[in-house]
Amino acid sequence: MMTDEDGNLIYLLARQYADLLQNEPEAHWNHDGYVAWAEQRLKQQCYVFLVWEDSTKPHGIGHQRLKDERASVRVGNVTPSAIPCESREIASNLQKMLLAPDPFDR
């Protein structure tokens with residue numbers, strides 16, 4: 001059973017997914033700057049989800065949490081941030097890449 005909070009989150013992610021793909025070229029996985037854009041978004045936002053189209057899910061999207069640092073925010077509400085992905089498999093690969101330790105940080 002989906003709670004109202006879950007429904008609101010999915011609705012917000014679905015709207016962001018569509019808006020980003022329509023209005024921000026770098027947010028599209030076929031763009032040369034996509035990975036750098038995704039890395040920047042992950043770095044700048046505290047509540048980030050990977051989002052892809054999935055006709056079997058509510059609002060037509062599937063999602064997976066990539067980052068949740070809401071506890072570090074002291075004032076106000078935190079809006080979830082979406083990173084559009086081509087598919088669930090691509091989202092899993094992107095997650096591994098974005099969360100992998102930097103080999104140059106020693």
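Computed quantities for the displayed model
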item: Gain upon complete extension [Thr79, Tyr47; 0.36 nm per residue less C-alpha separation]; result: 10.8 nm
item: Local electrostatic count at Tyr47 - Lys and Arg +1, Asp and Glu -1, tallied over other residues with Cβ under 9 Å; result: +1
item: Cα centre as origin, Lys/Arg/Asp/Glu Cβ charges: the chain dipole, Debye; result: 300 debye
item: Net charge of Cβ neighbours under 15 Å - reference Ala36; Lys, Arg +1; Asp, Glu -1; result: -3
item: Region 21-95: Cα Rg divided by the 2.2 N^0.38 Å rule of thumb; result: 1.12
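Computed from the coordinates by the stated procedures, all read-outs in this text should not be read as laboratory data. It should be emphasised that the depicted structure is a prediction, and the values quoted were computed from it without experimental measurement. Glycine gets a Cβ as well: all are built from the backbone with ideal geometry, and neighbour counts include every protein chain shown.
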